[in-house]
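Trainee: Here you go, one structure.
The values are calculated or read from the model by the stated rules, or taken from the named source; none is laboratory data. This structure is a prediction, so every number in the text was calculated from the model and none was measured. Ideal geometry is used to build each Cβ from the backbone, glycine not excepted, and the neighbour counts take in all protein chains shown.
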Amino acid sequence: MGHMVSRTPPIHQTKSSPTHRRVPSPLHPPATAAAMQMQGRLRRVLRAPPPRILLYHAISSPPNGGNGGGGGGGGGGCGSGVAVKQVTRGNMAEALEKLRGRVREAAFVGVDLEMSGVTSAPWRDTFELDRADVRYLKLRDSAERFAALQLGVCPFRWDPAKSAFVAQPHNFYIFPRKELPSDCSSHEFLCQTTSIDFLAKYQFDFNTCFREGVSYLSRAQEEEALQKFNMLYHGQTATSSTNSEEDRDIPLKSASDILFTERMKMNFKEWRDVIVSKPMVDNHLSGNIKCCAGQFQTVFFKMRPAIMLNGFSSHQLKLIQQVLRKNFKDLVFVCTSGEDDTSEKKVVYSDTDEDRILLMKDVQEDLLKNREERVKSAIGIRHVIDLLSSERKLIVGHSCFLDIAQVYSKFVGPLPSSIKEFALSFHKIFPHIADTRHLMSVNQAVQKLMKHKSKSLSSAFSLLCPASYSSVEKPSSHPPVTIEVEGDETTSSCFISGAKHEAGYDAYMTGCIFAQLCAYLGIKFEQFSPLENLATNTKLHKHINFLSPSWNSGTVIDLSTGMERPEPGYMRRFPAAVYDNIIVIWGFPSKVRPKEIKDCICKVFGSGSVTTVFSIDSTAALVQFKKQESVNDFLDLKAVLERADSAISILHPLSTILEGGQTRAAKYDTYRDICSSSESKYLFADQAEAVCATSKNQLGENVDDNLISGVLDGVALASVTEGDGIISDSKNQDIADVTCHDILDALHDGKALLVRRM
Amino acid sequence: MAAPRAAVASAKQVTRQNFAEAVRELGAHLEACDYVAVAAQKTGAPTGWRRALPVDTAETAYLKAKLAAESFQPLQIAVCPFRLRSSSPSTLVAYPYNFHLFPRDELQLGMPSYSFSCQSSYLSTMANDGFDFNMCIYDGISYLSRVQESLARQKIFTPRPQQLLPSPSTSVSDSVFVNRIKSKILHWRKGYADPSKKDDGTLVSSLSRLILGGETYGSRPSMSIDVCSDRQVQLVLEAVNHISDDLVSLVVPHKAGAARSVRVIFTNSKEDKNLLLMDIQKLEDEQNFKFRGFREVIDLLSSSQKPIISYNCLNDMTMLHTKFIAPLPPNLHEFMCSLKMVFSNVVDINHLLRQIGPLRKAKNIQAALSYLQRQYFVPIEIEIPQQDGTSSVTKNEQNVLRITKLFAKLSNLLKISPECQLQSREQCTAVEEYCNIFYPSCVVEGSYDANFAIESDTTETVSTDNIIFLWGFREKSVKELKSYLIGLHQAFSEDFEVKLLDKTCSALIFRDSNTATQLLKEINSEGPSLNRFFSEGLKAAGFEVYRKVCRLGLWDSDLAEVLEDVSSELGVPTLPECSTSQIYWNSALMLDLKEYLEC
């Protein structure tokens, strides 16, 4: 029944569908038709628009400029009236089968994810100043730590007869359940409180998600599971023939064991005798077995009489096996997996040796097949991803770099170590990705329209698909592309009107935006054959597979090459970073503001010496110097000041940040190392300490104090006496001793400073 | 047998909707009760070697409890004040409450918790048991810990009334100040209170307002008086008190803390004043709810000084401490001291179970209860006067009622009596004798079968010197491992026990500590006698390395991985330092708070 014939002409199918929703209303511009009509019908089930909708959009998809979010979306965005198919464990198989045909027919597929959080600590937010590798590390941390809770998939099929797109939004609930007993990963995931609260504001149904969400195995996990099963399989066949020596003899220690063994022996004998004495008639035992077979009830297993062994402890089962081995050649102990994960133990009567071998082989094969099936069903939601990948359709997302990283980490395997590797391996799986956020920036007309507007999903949707809100305020040069929503033929019980921040509806909105953007790019869908690959369209092709790694990166990455280039038209808020000139400082007194850090460093290194101080959180900051040599000078000076327990270090201008003795500083690479750690502390300073405590480089602890004081005389005093002067020139003038340089070199190595404890 | 059966009782379900009312009731019940049982439903528990293991010392067990408390989030906390009367049959009167929690950021300050961990198997089980996540997340009560509240109070300032303290002698400058303020207020007040001016037009009144420098508080006229010390605040309050009854003053804190002002509000009648005071009170209640939320319950428990009864004390108390009091201190000693200041008497049911021989093997509350049911005759009449209409009983309230019931029975058997000190009757024990001794349970939570763990009866204390951590054996069972080791070194021919700690690492416990230290020495110096041991890929480390792993909080990977990292980092063979501790092998560990407070 689940096998829909995909050859059925789609047009015919939809026309005959009773739940197909279309109002051929000449009064309304076509794109509104579906939405308008649904509104009346579904008003009752609509979820009330919660207040403060847009303020929170920033959490799930950071808006441009970080200024809070899409004011443009307006309050009307909530009650969409778009029927979204809800998929949970119960209807997964059926929905997947239908989706297959729909994706095959689709011109493109809108995709969206809802996650349990975005950043595991405030300092893990992406900053404009982040180097590409650091940004990727932060993204990877987020993708690995948080769970995907909903996957929205919305195929858009072009219907030439109606000259419209037909969309079928699906909303899959995901929950990472442990489906396989062999799977020993802990399945722990993080929830960001604000994200969960945000989802709650949009009436996200956590009960459905946790109870009915579909689980998954990534490709890597599947492989591992199959391997484990194969090993088990081979191991088991081995034990059944040879290794069984080991558990052959369980010493019967207690009286109860002996009594139990004896009674079992008698019971089995009794049962066996009954079986043997009554001839078989058509595979049924003739006489009334029940009364003769004592406490055992006879069942049939592979056409052989058998007993179910229920309610025995594992120790007792071992004793039973021993009894069988020792006393009954024709009774075989068989363990099969029954319904719902339980293993069923049986004793089967098998009269000849050949039959016994046959039986064991049969059982083993069943076991293997059963396990493979279990693995297959455990793949769960990944079937959807595999389906999208194998159809090689154009996938459309909105600001979707984090989404695709999540998809990779959850459904493919562990994220690679560099962004380039990630881009290339993702590209192999999904050859065509379009990001509507990027597409909006490539067309002049769209840019003009979106000027000063938030580029969040809902805001873009209300601007580019204005007809959906029944106002034709901005007559644009092209008529909007018509989009209809198509329901299912069978039941409507699993349909709920879509609402913002439900993955299914967001996927639908993304697709709608994409269709309009295509029109802006001059793509005429009217001249489109339904099965043509949109991804290879010349007008679109040059924008495919380009997306921004984050909203504030100012770059675009080409997934097909893994190369990043600056995004044209991106307005930087900070001067471009020179990473060799940057140090990271943490652990300074919490009352110290970035401005004060800048001032006190400038007092020592000269007024123009610091270009930027960027606050990571209340405990840490990035400081960019004008000159690269200032980095080492600063680190040296800091080390020296800390070493010298004297008035100099208290009077020194840097004491503002060094006060408290917990202040650490290091080069930018250390910042990267700290970001790459799997630890996640709330404050950066705690994180850095935790990482450095475990880092293996513990050198520089035993520096000779005499040498240090020599350095101190040279450097620290010079800096103090020179006041505002730049110390780098005068540095080391008085120091003749070469070993001082060696000591300093040792100190330069950032980690040496990190591990120092005062 | 008069089997005491708990009726299908359900606790009062509390969300932010009915929190205020529930707290009021709970306060009254706490007053009248003898004990309070507490149970929590969290989003997960540590897995693998991060659980408390039989090799853990009190210190490492604490560090593990700390990890769990910091990562997982309580979603429900059940509190059940109860009264026990040892009449015959004993009666138990219980008032269970089940509070739904969610760490919503009510003040937009990133508190109480930025993020929390969930274990999907835990959530699955909860979901199957019918746990209502939506209720929790949509309507759960938020909270701030005491430390968080004081942080928040530094960032968000609300004017609040302050009590006038009995003032010490006033100096000359004080009285000058008071007089000046007095005349200022009097002048201002005249503009409103003088009945002769009532007929003034609106223009005049607004003009006078302008001139007098008045403001409004809501619809009422008010004026601000700047002050620069707490003393001045008191003086202003005093002045206001002297002038008239129709003035209400609020103290307005300032960002810097010290400099503040006092706001004086004019009310035109007694009723109006009461109305204003009620408004202020309401505002304050709302603010307090945002600043404390559920913590109000914890504060109530703390101030009531009633003994707290809990099952998994170390886990629950660390959780309560970190969520509602302050971040957990780095070591057990400080934790115990800090906890004692909040809850002076905490009884671990696990400790009581250990007083009754056979019960020490009970894996969980359920098992203990059914054992008691079968083996002892302890008739107890249970009365739960308040019932919530709902028919479904959540796991958490079930747990708290089980704890209550179990404690009632145990205290009957052990002759613990709440009235002990008062009446000093024969053979009764004060509950204090059992307080503050925790057993971190090594048992996986959630296994509710009523079997007893197969566990030897004897509790041995083993020194940490006798333990060697072994890894690199690939997937072998304990039995395989033991027979495999015997061939590798003569030390393994001696008597030792093997326990798998996680899938990568196991602990070897030697009877003789010399063997262990000797073997460890040889391993560290990579002696030739161990060539086969090393070539098989085996690695070993002493307890110090494990202790260090726990102290550094390297919880993220498999135990073998971190032991390897840390031991290679230590580089030079570290002989066990002077700090040799004891572990309670083969049993749960015991932490005696008194012991920690004495040192």
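Trainee: Is segment B:342-358 home to any residue that is over 30 Å from B:R547 (Cβ atoms) and at pLDDT 85 or above?
Mentor: yes
Trainee: Sort through B:V400, B:V443 and tell me the only one that's at pLDDT below 65, buried (at least 17 other Cβ atoms within 10 Å of the Cβ) and either among the hydrophobic types (A, V, I, L, M, F, W, C) or outside any loop (DSSP other than H, G, I, E, B) (or both).
Mentor: Within the list B:V400, B:V443, the selection yields B:V443.
Trainee: If you don't mind, another one. Which of (1) at pLDDT 90 or above; (2) in contact with a helix residue (DSSP H, G or I) (Cβ under 8 Å, 6 or more places away or on another chain); (3) among the basic types (K, R) is the odd one out, the single condition A:R145 does not satisfy?
Mentor: (2)
Trainee: Check every one of the strands (runs of 3 or more DSSP E) wholly within segment A:159-254 and list those with 2 or more residues that are under 24 Å from B:K42 (Cα atoms), modelled with pLDDT of 90 or more and not basic (K, R).
Mentor: Per the criteria, A:188-192.
Trainee: Shifting gears a bit: Working carefully through the options B:T43, B:T47, B:T60, find the one that is among the hydroxyl-bearing types (S, T, Y) and buried (at least 24 other Cβ atoms within 10 Å of the Cβ).
Mentor: Being among the hydroxyl-bearing types (S, T, Y) and buried (at least 24 other Cβ atoms within 10 Å of the Cβ) holds for just one of B:T43, B:T47, B:T60, which is B:T60.
Trainee: Here's another thing I want to ask about it. Which ones in segment A:180-217 are surrounded by 19 or more Cβ atoms within 10 Å (Cβ to Cβ), over 30 Å from A:G487 (Cβ atoms) and more than 9 Å from chain B (Cβ to nearest Cβ)?
Mentor: Answer for segment A:180-217, where residues must be surrounded by 19 or more Cβ atoms within 10 Å (Cβ to Cβ), over 30 Å from A:G487 (Cβ atoms) and more than 9 Å from chain B (Cβ to nearest Cβ): A:L180, A:L217.
Trainee: Just a yes or no: is a residue in segment B:69-77 outside any strand (DSSP E or B), closer than 30 Å to B:R551 by Cβ and more than 14 Å from chain A (Cβ to nearest Cβ)?
Mentor: Within segment B:69-77, one or more residues are outside any strand (DSSP E or B), closer than 30 Å to B:R551 by Cβ and more than 14 Å from chain A (Cβ to nearest Cβ).
Trainee: Identify, from the list B:L186, B:L165, the residue that is at pLDDT 65 or above, part of a helix (DSSP H, G or I) and within 29 Å of B:D230 (Cα to Cα).
Mentor: Exactly one residue qualifies, and that residue is B:L186.
Trainee: On to the next question. Would a scan of segment B:39-47 turn up a residue that is within 24 Å of B:E397 (Cα to Cα), among the charged types (D, E, K, R) and in a loop (DSSP other than H, G, I, E, B)?
Mentor: no
Trainee: While we're on this one: Is there a residue in segment A:300-313 that is assigned to a helix (DSSP H, G or I), modelled with pLDDT under 85 and surrounded by fewer than 17 Cβ atoms within 10 Å (Cβ to Cβ)?
Mentor: No.
Trainee: Between a first residue in segment A:83-94 that is under 18 Å from A:A378 (Cβ atoms) and a second residue that is among the acidic types (D, E), which pairs have beta carbons less than 7 Å apart while being 6 or more apart in sequence or on different chains?
Mentor: A:T88/A:E212; A:R89/A:E212; A:G90/A:E212
Trainee: Which residue out of B:L530, B:L519 is touching a strand residue (DSSP E or B) at 6+ places or on another chain (Cβ under 8 Å) and surrounded by 15 or more Cβ atoms within 10 Å (Cβ to Cβ)?
Mentor: Matching residue, one of B:L530, B:L519: B:L519.
Trainee: Okay, moving on. Working carefully through the options A:L358, A:L402, find the one that is at negative phi and crowded, with 23+ Cβ neighbours inside 10 Å.
Mentor: Within the list A:L358, A:L402, the selection yields A:L402.
Trainee: Additional query: Kindly check whether there is at least one residue in segment A:413-421 that is surrounded by 24 or more Cβ atoms within 10 Å (Cβ to Cβ), among the small types (G, A, S) and modelled with pLDDT of 90 or more.
Mentor: no
Trainee: Looking only at segment A:649-678, which residues are outside any helix (DSSP H, G or I) and of a type in the set (S, T, Y)?
Mentor: A:T663, A:S677, A:S678, listed by residue number.
Trainee: Could you tell me whether any residue of segment B:66-84 is surrounded by fewer than 22 Cβ atoms within 10 Å (Cβ to Cβ) and touching a Cys at 6+ places or on another chain (Cβ under 6 Å)?
Mentor: yes
Trainee: Just need a number here: residues in segment B:550-561 that are touching a strand residue (DSSP E or B) at 6+ places or on another chain (Cβ under 9 Å) and in a helix (DSSP H, G or I).
Mentor: Residues flagged as touching a strand residue (DSSP E or B) at 6+ places or on another chain (Cβ under 9 Å) and in a helix (DSSP H, G or I) within segment B:550-561 amount to 3.
Trainee: For segment B:87-148, which fully contained strands (runs of 3 or more DSSP E) count at least 2 residues that are away from every other protein chain (no Cβ under 11 Å) and farther than 26 Å from A:E679 by Cβ?
Mentor: Counting at least 2 such residues, we get B:90-94, B:97-100.
Trainee: Now for a different question. Going through A:F146, A:F156 one at a time, which residue ends up being at the interface with chain B (Cβ under 10 Å from one of its Cβ atoms) and either over 16 Å from A:G117 (Cα atoms) or crowded, with 22+ Cβ neighbours inside 10 Å (or both)?
Mentor: Only one candidate qualifies: A:F146.
Trainee: Would it be correct to say that A:T126 is within 14 Å of chain B (Cβ to nearest Cβ) and either out of contact with any Lys or Arg (no Cβ under 6 Å at 6 or more places or on another chain) or outside any helix (DSSP H, G or I) (or both)?
Mentor: no
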